[in-house]
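To start, the structure itself, in structure tokens.
The values are calculated or read from the model by the stated rules, or taken from the named source; none is laboratory data. This structure is a prediction, so every number in the text was calculated from the model and none was measured. In this analysis, Cβ positions are derived from the backbone assuming ideal geometry, glycine residues included, and neighbour counts consider all displayed protein chains.
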Amino acid sequence: MTSTKNNHNEQESNGSDQNQNTKLRLEDADESMCDADAADDITSADYYFDSYSHFGIHEEMLKDIVRTKSYQDVIYKNKYLIKDKIVLDVGAGTGILSLFCAKAGAAHVYAVECSQMADTAKEIVKSNGLSDVITVLKGKIEEIELPVPKVDVIISEWMGYFLVYENMLDTVLYARNKWLVDGGIVLPDKASLYLTAIEDAHYKEDKVEFWNNVYGFDMSCIKRRAITEPLVDTVDGNQIVTDSKLLKTMDISKMASEDASFTAPFQLVAKRNDQIHALVAYFDVSFTMCHKMIGFSTGPKSRATHWKQTVLYLEDVLTICEGEMITGSMSIAPNKKNPRDVDIKLSYSLNGQHCKISRTQLYRMR
Ligand code: SAH
């Protein structure tokens, strides 16, 4: 899953004005995301609020080879998981995962999609001669009726930036609780969030310190806000100063919705003398049901995906020596007012030779 969320690369290439216009505000979009009028009547305003109705966002996801090819490999190389099974595709988009499942011999696939793209998915299914195997249902998972009481397989690409942004995981858990047969499988079934630390003086200067002096004026009130918004961008492997630590693994086949809110301790050990400007979060997902385990990582050392990484700038610059350790904890929870936003609380301390710091920072992905 993706969204038109802001990120530094877009700002660099598009200019901030345009970027402001293309950014989907999920709190505004929530209603219209699933309830817009018929495709023919759609205006540019609808597209603004109904990002998944436009093919552009699906193009980005489909062209994310790491993402789409992993799902294809899971299905084509493990046909026994799908063959003769009833499959539910949660958030089908263009229907790509349903098409893979149909080709792998599914008995029937229910492709549920709430945006206008559902109409297009129907057309795609028809033009590929698979209408007898795939039924596209337009509507929210939480509101639709399925013509069958149970399904054998639930497949979904629900992952957002920082894994949990947009909170579509809840939709998958809802579908699992309601329709998955005992012993049925969820694809993917594991997702893990990791943390590392980077040197990022140049970008921090550009994105955060910039506000200290804007054409001679003090706009540092914006700096205080800017630092609370995690940035989605690609981090170069050379920027990494410490090792990486696993924060949390979620078992999609067993977890409860509340398990997506958690506090995880971490210890990051410096691999060289450097300065640290930000912590970076990324995730991986795996399909452990496969004959040979398949998965992919969105980490800075892996092939880039449209999820990039999530950068959390620190108020302090941490001057760290090789072998020294940043200890801390990260708490993650959906925002109470707008559950599609994520609240992050980061506490960190370094008791090093050149730097002694202990601080807590709050962030919000919106
Ligand atoms: N499965 C497609 C699309 C993934 S993006 C692919 O892999 O390319 C996630 C999709 O889920 C979006 O198209 C979005 O509109 C849809 N979606 C999000 N929440 C939903 C819900 N509650 N019910 C139905 N569809 C939902």
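So residue 164 clears everything in (1) over 24 Å from residue 293 (Cα atoms); (2) touching a residue at least 40 places away in the same chain (Cβ under 8 Å) except one condition, right? Which one?
Condition (1) is where residue 164 drops out.
Which condition does residue 224 not pass, out of (1) touching a residue at least 12 places away in the same chain (Cβ under 8 Å); (2) over 27 Å from residue 297 (Cβ atoms), if it passes all the others?
(1)
Can you find even one residue in segment 118-125 that is outside any loop (DSSP other than H, G, I, E, B) and free of Cβ contacts under 8 Å to residues at least 12 places away in the same chain? Write out each step before concluding.
Our first condition is that a residue be outside any loop (DSSP other than H, G, I, E, B); within segment 118-125, this holds for 118-125.
If we keep only those that are free of Cβ contacts under 8 Å to residues at least 12 places away in the same chain too, we end up with 123.
For segment 118-125, residues outside any loop (DSSP other than H, G, I, E, B) and free of Cβ contacts under 8 Å to residues at least 12 places away in the same chain: present.
Just checking, how many residues over segment 159-179 are farther than 25 Å from residue 231 by Cβ and of a type in the set (Val, Ile, Thr)?
In the first step, residues of segment 159-179 are kept if they are farther than 25 Å from residue 231 by Cβ; the result is 171-179.
Then keep just the ones that are of a type in the set (Val, Ile, Thr); that gives 171-172.
The total comes to 2.
For segment 170-209, which positions are in a strand (DSSP E or B) and either within 16 Å of the ligand (Cβ to nearest atom) or more than 23 Å from residue 240 (Cβ to Cβ) (or both)?
Start the filter on segment 170-209 by keeping residues that are in a strand (DSSP E or B), which leaves 180-187, 190-198.
Result: 180, 181, 182, 183, 184, 185, 186, 187, 190, 191.
Would you point out which residue out of 191, 226, 201, 197 is within 30 Å of residue 111 (Cβ to Cβ) and either touching a Pro at 6+ places or on another chain (Cβ under 8 Å) or small (Gly, Ala, Ser) (or both)?
Only one candidate passes the filter, namely 191.
What are the residue pairs meeting all of these: first residue in segment 184-212, first residue free of Cβ contacts under 8 Å to residues at least 24 places away in the same chain and farther than 30 Å from residue 100 by Cα, second residue surrounded by fewer than 23 Cβ atoms within 10 Å (Cβ to Cβ) and among the basic types (Lys, Arg), Cβ atoms under 7 Å, and 6 or more apart or on different chains?
211/223; 212/223
Restricting to segment 151-169, count the residues that are assigned to a strand (DSSP E or B) and either crowded, with 23+ Cβ neighbours inside 10 Å or within 13 Å of the ligand (Cβ to nearest atom) (or both).
6
For segment 73-97: of the residues being of a type outside the set (Val, Ile, Thr) and near the ligand (Cβ under 8 Å from one of its atoms), which is nearest to residue 55 (Cα to Cα)? Spell out how you get there, then give the answer.
Initial filter on segment 73-97 (of a type outside the set (Val, Ile, Thr)): 73, 76-81, 83-85, 88-89, 91-93, 95, 97.
In the following step, the residues that additionally are near the ligand (Cβ under 8 Å from one of its atoms) were identified as 89, 91-93, 95, 97.
On the way: 89: 18, 91: 14, 92: 13, 93: 9, 95: 12, 97: 16 Å.
Here the answer is 93.
Yes/no per residue for (1) modelled with pLDDT of 95 or more; (2) in contact with an Asp or Glu (Cβ under 9 Å, 6 or more places away or on another chain); (3) outside any loop (DSSP other than H, G, I, E, B); (4) surrounded by 16 or more Cβ atoms within 10 Å (Cβ to Cβ):
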position	(1), (2), (3), (4)
303	yes, no, no, no
307	yes, yes, no, yes
319	yes, yes, yes, yes
323	yes, no, no, no
326	yes, no, yes, yes
345	yes, no, yes, no
358	yes, no, yes, no
362	yes, yes, yes, no
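Pull up segment 107-143, narrow it to residues that are closer than 13 Å to residue 89 by Cα and surrounded by fewer than 18 Cβ atoms within 10 Å (Cβ to Cβ), then point me to the one that is nearest to the ligand (Cβ to nearest atom).
140
Which of the residues that make up segment 268-297 are within 25 Å of the chain's Cα centre (by Cα) and within 24 Å of residue 347 (Cα to Cα)?
Across segment 268-297, the qualifying residues are 268, 276, 277, 278, 279, 280, 281, 282, 283, 284.
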